[in-house]
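What follows is a short report on a single structure.
Please treat every number below as a calculation from the coordinates, not as lab data. Values in this document were obtained by computation on a predicted structure and should not be read as measured data. Positions of Cβ are generated from backbone atoms using ideal geometry, with glycine treated the same way; all protein chains shown enter the neighbour counts.
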């Protein structure tokens with residue numbers, strides 16, 4: 001199942017995909033019991049968004065306000081983001097790795113009135129909400145089960161929002177979205193000065209999602225995605241979290257960098273976006289283990305013998321290497337930095353479909369991706385970022401005679 005869905009904004013996307021993918025799993029999560037997973041389907045996700053958004057608008061009076069989100073990758077983070085951006089106000093995703101003084105600075109600069117957070121950030125946020133140095137008034141914990149000490153519970157707000165919806169409150173659910181209005185404020189890393197604020201609208205994000213859909217031709221609702229990169233970053237946010245909901249995929253969350261391969265196996269992951277350093281570490285580990293087992297020379301000989309075979313044929317020949325990742329990987333995307341062409345070639349020599357892309361926050365973010373369909377797959381050029389997405393225009397400034405800057 002791979003339906004092309006036109007949309008004007010993220011709310012429109014959620015409404016249209018609810019009817020198509022509603023009964024399919026949106027999240028597969030670990031529980032305290034080993035090997036037992038909890039699933040949340042796409043209909044439940046959209047219902048939680050409506051309930052939470054209703055509470056934000058009708059209980060906390062946050063219509064039109066700026067609301068922050070900070071914490072580890074988890075489904076509550078994603079629900080919070082969408083409950084803000086799809087009818088409440090402007091969402092401000094914040095870097096979970098920020099030191100306290102920088103977090104305080106961004107909260108002040110972004111003028112947020114409320115923030116969703118995980119337990120780790122409670123001390124600093126409670127201080128900021130009380131000392132009067134920021135506009136921050138409402139703290140919403142993703143971990144509390146009930147309101148406590150002036151702090152709202154994510155879970156309880158959903159429950160209260162549901163009661164409001166049941167009583168006919170449609171303030172959030174029927175809120176109109178202006179696709180051109182600023183809806184997201186993102187802070188990029190400040191390498192030479194303070195972090196820069198980037199403003200995005202629904203049209204930016206919607207256009208990029210539809211472009212990715214057009215290019216990632218083989219990704220469908222049957223796919224299972226692993227979320228690892230920091231979710232506040234627009235790469236993971238758009239090409240991971242939002243794309244997964246748009247395509248009806250199922251997302252699971254990584255336990256950390258050391259557990260990525262293990263998580264890929266246990267969740268049966270087929271799709272992931274990640275950074276070059278992770279792919280390089282995994283690839284070098286595979287080679288090291290082959291060498292320890294005395295198999296590296298034989299494998300490299302096979303690689304040479306089958307270098308002109310299709311990816312499908314290579315995948316069959318090197319199926320034992322595919323089993324390292326769980327044996328179900330369909331597509332891996334590398335971005336945020338340059339990928340070593342030798343590593344990229346190494347994966348593809350094993351029949352593992354690793355491609356490189358390029359983006360920037362201001363472009364929501366994907367600009368190019370080096371992916372080819374069907375018979376064209378052998379046109380893959382290592383060390384390149386591929387072609388521009390359908391609705392993207394590119395110009396290289398200050399290029400030399402060879403077209404290189």
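Taking the structure as given and computing mean projected area of the Cα convex hull in nm², which label from (1) 24.5; (2) 21.9; (3) 20.9 fits?
Working out mean projected area of the Cα convex hull in nm² from the coordinates points to (2).
Using the beta-carbon distance between residue 304 and residue 16 and R0 = 60 Å, what value does 1/(1 + (r/R0)^6) give for FRET efficiency, to the nearest 0.05? Don't skip to the answer; put the middle values down first.
Working: r = 48 Å, r/R0 = 0.80.
It comes to 0.80.
Give the relative contact order (percent, whole number) for the chain; include only Cα pairs under 8 Å separated by 6+ residues.
Answer for the chain is 14 percent.
Roughly speaking, what is the centre-to-centre gap between segment 239-306 and segment 80-142 when only Cα atoms are used, to the nearest Å?
So the separation of the two Cα centres works out to 34 Å.
Roughly how many whole Å is it from the C-alpha centroid of segment 44-70 to that of segment 192-219?
Each part reduced to its Cα centre gives a spacing of 22 Å.
Let me check against my output: what whole-number percent is the relative contact order of segment 10-200, with C-alpha pairs under 8 Å and at least 6 apart?
On the way: 320 pairs, mean separation 39.1, N = 191.
Answer for segment 10-200 is 20 percent.
Using Cα-Cα distances under 8 Å and only pairs 6 or more residues apart, what relative contact order does segment 4-121 have, in percent? Mind showing how you got there, number by number?
Details: 151 pairs, mean separation 26.5, N = 118.
Reported as a whole number, the value is 22 percent.
What is the calculated FRET efficiency for residue 63 to residue 133, with r their C-beta to C-beta distance and R₀ = 22 Å, to the nearest 0.05?
Working: r = 25 Å, r/R0 = 1.12.
E(calc), rounded to 0.05, equals 0.35.
Can you tell me the FRET efficiency between residue 396 and residue 217 if r is taken as the Cβ-Cβ distance and R0 is 30 Å, rounded to the nearest 0.05?
Numbers: r = 27 Å, r/R0 = 0.89.
With a Förster radius of 30 Å, E is 0.65.
Mind ordering 279-285, 90-96 by average Cβ neighbours within 10 Å, highest first? It would help to have the intermediate numbers written out before the result.
Details: 279-285: 16.7, 90-96: 22.0.
The densest-packed peptide leads the list: 90-96, 279-285.
Sort 34-41, 206-213 by packing, meaning the average of other beta carbons within 10 Å per residue, with the highest value first. Display every interim value, and only then the final one.
Details: 34-41: 11.5, 206-213: 21.1.
Highest-to-lowest ranking by the protection proxy: 206-213, 34-41.
Shape call for segment 287-386 from the C-alpha gyration tensor, a ≥ b ≥ c root eigenvalues: rounded (a/c under 1.5), prolate (a/b greater than b/c) or oblate?
Working: a/c = 2.16, a/b = 1.75, b/c = 1.23.
Note, shape of segment 287-386 comes out prolate.
Modelled label-to-label distance, residue 255 and residue 149, 7 Å Cα→beta-carbon offset: nm?
3.0 nm
For segment 1-66, rounded, prolate or oblate, judged on the Cα gyration tensor with a ≥ b ≥ c (square roots of eigenvalues), a/c < 1.5 rounded, else prolate if a/b > b/c?
On the way: a/c = 3.04, a/b = 1.22, b/c = 2.49.
Since a/c reaches 1.5 but b/c is at least a/b, the shape of segment 1-66 is classed as oblate.
Tell me the label-point distance for the pair residue 6, residue 109, using the 7 Å Cα-to-Cβ offset, in nm and rounded to one decimal.
Spacing of the two 7 Å Cα→Cβ label points: 3.9 nm.
222 nm [θ] for the chain, helices only, -39500 (n - 2.57) per DSSP H run of 4+, per residue, to 500? Can you show the working numbers first?
Values: 14 runs with 148 residues, N = 405.
That calculation yields -11000 deg cm²/dmol at 222 nm.
For a test of the definition: using alpha carbon positions, the gyration tensor, and the 1.5 limit on a/c, classify segment 188-260 as rounded, prolate or oblate.
Taking the square roots of the gyration eigenvalues as a ≥ b ≥ c, segment 188-260 is oblate.
Where does each of 84, 367, 343 land when they are ranked from fewest to most other beta-carbon atoms within 10 angstrom?
On the way: 84 28, 367 22, 343 19.
The fewest-first ordering by Cβ neighbours comes to 343, 367, 84.
Given the peptides 166-179, 140-153, 323-336, 65-78, arrange them by the average over their residues of other C-beta atoms within 10 Å, most packed first.
On the way: 166-179: 13.5, 140-153: 16.6, 323-336: 19.6, 65-78: 22.2.
So the order, starting with the most tightly packed, is 65-78, 323-336, 140-153, 166-179.
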